[in-house]
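Below: one structure, written as structure tokens.
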Amino acid sequence: MTHSKITRRRIWTIAATIIILVGVFIILIPLFWMLTTSLKTYAEAESMAWLPRKPQWNNYFTALRAINFWRALGNTLLITFLAMTGHVFSCALVAYGFSRLRFPFRDPLFVILLATMMIPAQVTMIPIFIEFRALGWVDTFYPLTVPAFLGGSAFFIFLLRQFFMTIPTEMDDAARIDGCSHFGIFFKIILPLSKPALLTVALFSFMGNWNDFMGPLIYLNSPEKKTLALALQDFNSLYAVQPHLMMAASLVIMLPCLAIFFFAQRYFIKGMVITGVKG
């Protein structure tokens with residue numbers, strides 16, 4: 001490789017690194033502002049000063065007491081855990097059927113499944129509410145958890161189906177020779193080899209249910225059943241004139257998603273990359 005090509009490559013590498021660093025800096029500005037504002041006094045938050053003169057750590061305790069944090073946290077964890085479990089299991093089972101089984105109209109049914117992703121949620125919101133109201137599920141956690149065990153999400157099914165198709169079918173044939181049923185192949189071969197994709201679905205499901213506002217707003221009426229998203233909205237209605245407390249409450253609620261993504265990003269990226277290998 002000539003000296004000019006090496007120099008040109010280094011220049012492009014340096015330029016790309018600078019662009020990435022600038023992008024990261026721009027993305028982190030809102031998070032930095034949220035953190036610093038949560039540690040300010042009311043006067044400092046109103047003056048839009050970048051840094052507090054003296055960090056006010058008691059802002060977090062005041063904000064968490066105001067939103068009844070622990071009760072809302074318990075409700076949110078219960079809904080999120082159940083929905084995440086349902087999404088991972090049911091979507092994996094459906095994806096296995098579309099990727100491994102041969103049955104009439106399999107491909108047209110899969111196309112119809114994908115087409116449902118183009119239907120806006122606002123179109124189905126009222127019919128689904130009427131259905132759950134007829135079942136007596138309003139003001140319960142059932143509307144927010146049970147659907148996850150019944151197929152869950154077309155996007156998750158598509159994601160897992162694409163991943164399952166990268167696993168050689170010869171492994172299925174070998175398992176059948178050893179006497180494995182379809183469920184045996186699913187639990188003993190497909191799931192253990194699909195951990196990156198399953199973790200990706202679990203991460204998406206966790207973030208979606210943790211931050212879900214519209215679902216709890218529609219179906220949960222009792223104060224003792226409110227999630228963190230609803231509690232934060234109530235807090236905003238009462239303390240909107242105190243941005244330092246609002247930022248403290250928002251930062252605490254956001255931290256679990258940031259922490260989980262930080263620790264699981266390796267599996268998340270691996271699952272997304274491998275999923276696109278085979279169509």
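Once the Cα atoms of helix 195-210 and of the chain are each reduced to a long axis, what angle between those two axes, in degrees from 0 to 90 to the nearest 10, is obtained?
40 degrees
Over the Cα atoms of the chain, what is the Rg over Rh ratio if Rh follows Kirkwood?
Over the Cα atoms of the chain, Rg/Rh equals 1.07.
Calculate, in nm to one decimal, what I14 and E131 gain on full extension: separation in residues at 0.36 nm each, minus their alpha carbon distance.
Here the segment from I14 to E131 would lengthen by 36.4 nm.
Find the relative contact order for the chain and round it to a whole percent, using C-alpha pairs within less than 8 Å whose residues are 6+ positions apart.
With pairs under 8 Å counted, the relative contact order is 32 percent.
Suppose the chain between I112 and M254 were pulled fully straight at 0.36 nm per residue; how much longer would it get relative to their current alpha carbon spacing?
Numbers: separation 142, 0.36 × 142 = 51.12 nm, distance 3.53 nm.
Between I112 and M254, full extension yields 47.6 nm more.
Mind listing P(r) for the range 180-238? All alpha-carbon pairs, 5 Å bins, whole percents.
Percent of Cα pairs in each bin: 4, 16, 16, 14, 10, 8, 9, 10, 7, 3, 1, 0.
By how many degrees, 0 to 90 and rounded to 10, does the Cα axis of helix 106-115 deviate from the longest principal axis of the chain?
20 degrees
Apply 1/(1 + (r/R0)^6) to the Cβ-Cβ distance of A121 and V146, taking R0 = 22 Å, and write down the FRET efficiency to the nearest 0.05.
0.80
With each run of n ≥ 4 DSSP H residues scored as -39500 (n - 2.57), what mean residue ellipticity at 222 nm is computed for the chain after dividing by its residue count and rounding to the nearest 500 deg cm²/dmol?
It lands at -23500 deg cm²/dmol.
Against the longest principal axis of the chain, how steep is helix 243-275, in degrees 0 to 90 to the nearest 10, with axes from Cα atoms?
20 degrees
If I stretch the segment between T85 and N211 completely, what's the gain in nm (0.36 nm per residue apart, minus their alpha carbon distance), one decimal?
Stretched fully, the T85-N211 segment lengthens by 43.7 nm.
Shape verdict for the range 1-140, please, from the Cα gyration tensor: rounded (a/c under 1.5), prolate (a/b greater than b/c) or oblate.
Oblate shape, in that a/c is at least 1.5 and b/c is the bigger or equal ratio.
Given Cα pairs under 8 Å that are at least 6 residues apart, what percent is the relative contact order of the range 3-58?
25 percent
Please express the shape of the range 93-180 as an equivalent ellipsoid: the semi-axes are the square roots of 5 times the eigenvalues of the C-alpha gyration tensor, given largest first in whole angstrom.
Calculated on Cα positions only, the semi-axes equal 33, 16, 11 Å.
Provide Rg over Rh for the range 3-58; use the alpha carbon set for both Rg and the Kirkwood Rh (inverse mean inverse pair distance). Each step should come with its number before you reach the end.
Working: Rg = 19.1 Å, Rh = 13.9 Å.
Reported Rg/Rh, Kirkwood definition of Rh: 1.37.
No lab work stands behind these numbers, since they all come straight from the coordinates. In this text, all values refer to a predicted model and were calculated from it rather than measured experimentally. Counting neighbours? That spans all protein chains shown, and the Cβs are built from the backbone with ideal geometry, glycine included.
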